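Derivation of every value follows stated rules applied to the coordinates shown; laboratory data play no part. This is a predicted model, so every value here is computed, not measured. Positions of Cβ are backbone-derived with ideal geometry, glycine not excepted, and every protein chain shown enters the neighbour counts.
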Amino acid sequence: MEIPGESLHNGGRYACNTGGVDGITLHDFRPGSYTYILTAVDVSNRVVYEARGTFRIDGNVTVRADLMGQGDPASYALLNWTFPGNANCGQAGVASVDITLDDQEPANFPCFEGQRTPGLQTPDLAPGEHFIEFIARDASGHPLYYYNGGLVTQAYNPVSATYNLYAVGGAAISWRFSDGSVTRDCAQVDPSGRMEVGVNFQDTATGEWVYGALGDWQLCQNKPITYSFLRPGTYKVSLYAKNGNTEYRSNSNMAPILVRAHQFPGPNDALEVTMFRQ
């Protein structure tokens, strides 16, 4: 705080909140008119809000000031993460964590960065909601735990956020096509190589589809496809493809697959699913 011509306690530097009130009580002003400048700073001593005005002393008065944002409103977040059973990094077998923010490239950090105070500091982010993804890996780089969701940041002020990562397992899926008598591969059904296959997993416990209503679409010829971030449990596998006016679907009565924590079948162990011509 600056009041030209006045000497203020502590050089005019005060806490934002005093006694539960946002503001400060000042004493011993002579009657008259005064001007003031208020500047609010963040933890890095950057000016983030400012207000200017005048007031007149003729007895006790209350001055209300609305501080306006100054400069870049972007701020950062301090991230912490936990694992099931409140295990620490060593107990969970995690060496590092990949973090993706919005459409930025993933960045890898030592696991302990997110299990100490105050947490891992992100780059400055625009205020508002952001997408964030965590992949916790062992020393060999294999994924063990996962989370994706939202991160809400505030203008000028850093925020703290803790995320509970969950164990994941994998599945590998391949496919072929049948008209009921003859089985064909992608190249036989679609020589152009442009046909795509929609893959989805339905959690048998919750009924929820992992990839929502749309599914995960892959070029037919790219099979087998491996999935690494499924929650442990049983899933019904659903496949769909369309070539021109011809549709192919997997059997809805197919036995569900079992996804085990920290187990990731490779391409050579892929489940081959037959899609039937409709």
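Quick notes on this structure:
- For region 48-142, fraction of C-alpha pairs farther apart than 16 Å, in %: 67 percent
- Taken about its Cα centre, the chain carries a charge dipole of roughly 560 debye when the Cβ of each Lys and Arg holds +1 and the Cβ of each Asp and Glu holds -1.
- If R0 is taken as 41 Å, the Cβ-Cβ distance between Phe109 and Arg260 corresponds to a FRET efficiency of 0.90.
- Value of relative contact order over region 187-247, rounded to a whole percent, pairs C-alpha under 8 Å and six or more apart: 45 percent
- Isolated cysteines of the chain, defined as having no other cysteine beta carbon under 4.7 Å away, are Cys16.
- Least to most buried among His27, His130, His142 (fewest other Cβ within 10 Å first): His27, His142, His130
- For region 169-277, the relative contact order works out to 41 percent when only alpha carbon pairs closer than 8 Å and six or more residues apart are counted.
- Listed residues Ser160, Gln218, Gly244: farthest to the positive end of the dipole of region 109-244 (Cβ charges): Gly244
- Placing R0 at 41 angstrom, the Cβ-Cβ distance between Asp185 and Trp209 gives a FRET efficiency of 0.95 after rounding to 0.05.
- Rel. contact order, % - alpha carbon contacts under 8 angstrom, at least six apart, region 9-69: 27 percent
- Listed residues Leu26, Leu165, Leu101, most fluctuating in the chain (Gaussian network, C-alpha, under 10 Å): Leu26
- For region 219-278: Kirkwood Rh in Å [reciprocal of mean 1/r, alpha carbons]: 13.1 Å
- Selection from Thr100, Leu144, Gly71, by position along the positive dipole direction of the chain (Cβ): Leu144
- Against the set [x] 1.00; [y] 1.23; [z] 1.02, the structure's computed Rg/Rh (Cα atoms, Kirkwood Rh) falls on [y].
- Over the chain: helical MRE at 222 nm, DSSP H runs n ≥ 4 each giving -39500 (n - 2.57), nearest 500: -500 deg cm²/dmol
- Listed by Cβ neighbour count within 10 Å, with the fewest neighbours leading, Lys242, Lys223 appear as Lys242, Lys223.
- Dipole magnitude of region 9-69 about its Cα centre (Cβ charges: Lys, Arg +1; Asp, Glu -1), debye to nearest 20: 120 debye
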